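Engineer: Take a look at this one; I'll ask things after.
The values are calculated or read from the model by the stated rules, or taken from the named source; none is laboratory data. Computed from a prediction, not measured in an experiment: that's the story for all the values here. Cβ sites come from the backbone with ideal geometry, for glycine too, and all protein chains shown count toward neighbours. Surface accessibility is based on the protein's heavy atoms, side chains included, excluding ligands, DNA and RNA. Shrake-Rupley method; radii C 1.70, N 1.55, O 1.52, S 1.80 Å.
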Amino acid sequence: SFREGRGRPRRGYPLRSEEKSQHGRGNIPPSRHLWVGNLSHSLTENALAHHFLQFGELEKIAFQPGRSYAFINYRNEEEAFIAVRELQGFVIEGNPVRIEFAKA
């Protein structure tokens, strides 16, 4: 018997383009290690950390002032996933940040 709605594409959940392209860097699987790009050159490490700390405890930030990217490692994988979901495209000091999962 045919059931209503079966086999239909789900409506109301289009994949945002940034979610599709998240794994663009060599198809790295999701992890607690994040690459954060498109950073403002005036951004400080403290200002960057402030945004990511709201989602969980950070293990390490690898950031050099004046660079347009940083690496952020969370202690917990789930918190990293939430940070990616919440901060992808978020404007920090005038730049929409791009976040991807990185190798450890």
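Engineer: I need the full set of residues from the range 70-104 which are in contact with a His (Cβ under 6 Å, 6 or more places away or on another chain) and open to solvent by 60 Å² or more (accessible area, probe 1.4 Å), in order please.
Structural biologist: ALA104
Engineer: Now for a different question. Out of (1) surrounded by 12 or more Cβ atoms within 10 Å (Cβ to Cβ); (2) of a type in the set (D, E, K, R); (3) modelled with pLDDT under 95; (4) within 15 Å of the chain's Cα centre (by Cα), the odd one out for ARG67 is which?
Structural biologist: Among (1) surrounded by 12 or more Cβ atoms within 10 Å (Cβ to Cβ); (2) of a type in the set (D, E, K, R); (3) modelled with pLDDT under 95; (4) within 15 Å of the chain's Cα centre (by Cα), the lone unmet condition for ARG67 is (4).
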